[in-house]
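Taking it in order: structure first as structure tokens, then the write-up.
Please treat every number below as a calculation from the coordinates, not as lab data. None of the values given here were measured: they were computed from a predicted structure. Because the Cβ atoms are built from the backbone with ideal geometry, glycine has one as well, and the counts that use them run over all protein chains shown.
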């Protein structure tokens, strides 16, 4: 006599088994962006139809891009891996405007005062289609140190991305959080339900160049702290303070730089 077959457990309740309903997956479900026509949109620019796909291990899924964004991604990958050991600072300008070129020279001017020996700093100037309220957003990526085989020859790759919101009308004013303050008044603590608040400073960006210069200071703060080139804490308020200082230095550096370029252009044309 043979033993009866054991049924494999499906993990469903009786009502779910009866209705043949699968349980909902855990976590946030990604919803692909679409154009007004209903076609799947490019996840990078959100403007064109996404026809080309590539797998990314970072997000663990397939990313859909348009032909232009895919080409820009390929050029960025080529630029990233081209003679990396011999290049310490690389700036990828995806905007290709007069303001972005000026900020690119300013970033190289500022970073020349720091020692980046043994690391590679990769800075991107781009548009960020997902921005709705902010005019500029700064991001950074500092990878952990490699362990095991090859750790002695490991060269850290630090990334910073400064993104502008498309179609911004300049000038723009924003309130920037630059510090925290403790509330000593017990009555105020009871009313506000917290014992601290943000100190803010109003910042005005006259054009895209000033916004990019501010964003460069915010994004590069973490990298410069990571390699021990500046003092302070690895917090957002300190990064915004550095961005405001870089903005002031950019405004002082900009006139002389543009005047020198104008003289060079006249000499070249004459």
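Each of 74, 170, 205 was scored by other Cβ atoms within 10 Å of its Cβ. Listed from fewest to most, they are 74, 170, 205. Taking other C-beta atoms within 10 angstrom as a stand-in for reagent exposure, 221, 109, 140 fall in the order 109, 140, 221, fewest first.
Counted by neighbouring Cβ atoms within 10 Å, the residues 64, 105 run from fewest to most as 105, 64.
Given R₀ = 45 Å, FRET efficiency for residue 130-residue 186 by Cβ-Cβ distance, to 0.05? Calculated transfer efficiency: 0.60.
Each label point was placed 7 Å from the Cα along the Cα-to-Cβ direction; for residue 39 and residue 93 their separation is 3.2 nm. Extension gain, residue 112 to residue 77, is 10.2 nm, computed as 0.36 nm per intervening residue step minus the present C-alpha separation.
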